[in-house]
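Visitor: Just dropping this structure here.
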Amino acid sequence: MTNTSDMTNTEFLQHIMEFSKHGSLSQMVIIDCVQRGLKEYIDNKQAILEAEKARQEKGQYGLVNMEAWVSCCEDNLERIQQKYNPQNK
């Protein structure tokens with residue numbers, strides 16, 4: 001088994017997608033999971049942002065700005081849809 005502990009995130013995802021006993025099915029699984037995960041964040045955007053605002057009002061700040069996080073999710077889902085479902089923009 002390859003030592004993956006020193007790989008960057010990009011190298012690791014490439015490794016998972018290219019070197020699987022399940023062949024290219026692994027690529028489909030990764031893309032599907034990414035797409036579903038992005039949709040989950042976007043579908044729950046309002047609750048996520050409200051929770052973030054409530055934490056900030058208590059003086060609690062996270063490592064990542066959740067508005068930026070959700071915006072990144074929206075951008076990445078749009079890019080996935082453009083590639084795999086161009087007719088469903």
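Every read-out reported here was derived from the displayed coordinates using simple, explicitly stated rules and does not represent laboratory data. Given the structure is predicted, the values throughout are model-derived calculations rather than measurements. Every residue, glycine as well, gets a Cβ built from its backbone with ideal geometry; the counts of neighbours run over all protein chains shown.
Visitor: Whether any residue in region 73-89 is among the basic types (Lys, Arg), surrounded by 10 or more Cβ atoms within 10 Å (Cβ to Cβ) and closer than 20 Å to residue 9 by Cα is what I want to check.
Guide: Yes; the residues of region 73-89 include at least one that is among the basic types (Lys, Arg), surrounded by 10 or more Cβ atoms within 10 Å (Cβ to Cβ) and closer than 20 Å to residue 9 by Cα.
Visitor: Let me ask something else about it. Which condition from (1) surrounded by 12 or more Cβ atoms within 10 Å (Cβ to Cβ); (2) closer than 27 Å to residue 9 by Cα is the one that residue 43 breaks?
Guide: Here residue 43 clears every test but (1).
Visitor: Of all helices (runs of 4 or more DSSP H) completely enclosed by region 1-70, which ones contain at least 3 residues that are over 22 Å from residue 81 (Cα atoms)?
Guide: Those helices (runs of 4 or more DSSP H) span 9-18, 45-57.
Visitor: So for region 48-66 (the condition being under 14 Å from the mean Cα position of the chain (by Cα), surrounded by 14 or more Cβ atoms within 10 Å (Cβ to Cβ) and in contact (Cβ under 8 Å) with a residue 12 or more places away in the chain), does at least one residue qualify?
Guide: Taking every residue of region 48-66 in turn, at least one turns out to be under 14 Å from the mean Cα position of the chain (by Cα), surrounded by 14 or more Cβ atoms within 10 Å (Cβ to Cβ) and in contact (Cβ under 8 Å) with a residue 12 or more places away in the chain.
Visitor: From the list 37, 62, pick out the single residue that is of a type in the set (Gly, Ala, Ser) and closer than 29 Å to residue 3 by Cβ.
Guide: Only one candidate qualifies: 37.
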